[in-house]
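Here, each number is a calculation from the coordinates, and none is a lab measurement. Small disclaimer: the values here were computed from a predicted structure and weren't measured. Cβ atoms come from the backbone with ideal geometry, glycine included; neighbour counts cover every protein chain shown.
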Amino acid sequence: MSDCIFCKIAAGEIPANKVYEDEHVFAFHDIRPIAPVHFLIIPKQHVESLAHCGPQDEAMLGKIMGLVPRLAKEQGLGHGFKTGINTGKGGGQEVFHLHVHVFGHQAD
């Protein structure tokens, strides 16, 4: 979608503090972190929310969730982390492009 900020970030049109990128997903630090480490993982393909996913999205969802522990560990969260997927306005979603929040505190 041409007006989606996350599509623009994934396309390199808007700068972001990148954590990871491949041909299908992009991960970057949240600009309004709620923890010392807080990054998002998004599909490059525009999907409005988790509620808009179906069987055709299983590989993409699996890829994203499989990246969570690896990227969390690389970002210093090897001892534990939280994940969140806000879905729809009622679920607190503000940017209507599927994204997984990964956040936590680095071990002392």
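Tabulated values for the structure
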read-out: Filter result for residue 61 (more than 15 Å from residue 93 (Cα to Cα) and either assigned to a loop (DSSP other than H, G, I, E, B) or without any contact (Cβ under 8 Å) to a residue 12 or more places away in the chain (or both)); value: yes
read-out: Candidates 48, 23 - the one that is within 21 Å of residue 89 (Cβ to Cβ) and of a type outside the set (Phe, Trp, Tyr); value: 48
read-out: Restricting segment 20-30 to residues that are assigned to a loop (DSSP other than H, G, I, E, B) and touching a residue at least 12 places away in the same chain (Cβ under 8 Å), the residue that is surrounded by the fewest Cβ atoms within 10 Å (Cβ to Cβ); value: 23
read-out: Within segment 64-108, tally of residues that are assigned to a loop (DSSP other than H, G, I, E, B), within 17 Å of residue 27 (Cα to Cα) and among the hydroxyl-bearing types (Ser, Thr, Tyr); value: 0
read-out: Single residue of 78, 88, 104, 84 found to be more than 19 Å from residue 8 (Cβ to Cβ), in contact (Cβ under 8 Å) with a residue 12 or more places away in the chain, surrounded by fewer than 17 Cβ atoms within 10 Å (Cβ to Cβ) and touching a strand residue (DSSP E or B) at 6+ places or on another chain (Cβ under 7 Å); value: 84
read-out: Residue list for segment 41-58, filter: closer than 21 Å to residue 22 by Cα and either touching a residue at least 24 places away in the same chain (Cβ under 8 Å) or not charged (D, E, K, R) (or both); value: 41, 42, 43, 44, 45, 46, 47, 48, 49, 50, 53, 56
read-out: Conditions (1) exposed (fewer than 14 other Cβ atoms within 10 Å of the Cβ); (2) in a helix (DSSP H, G or I): number failed by residue 9; value: (1)
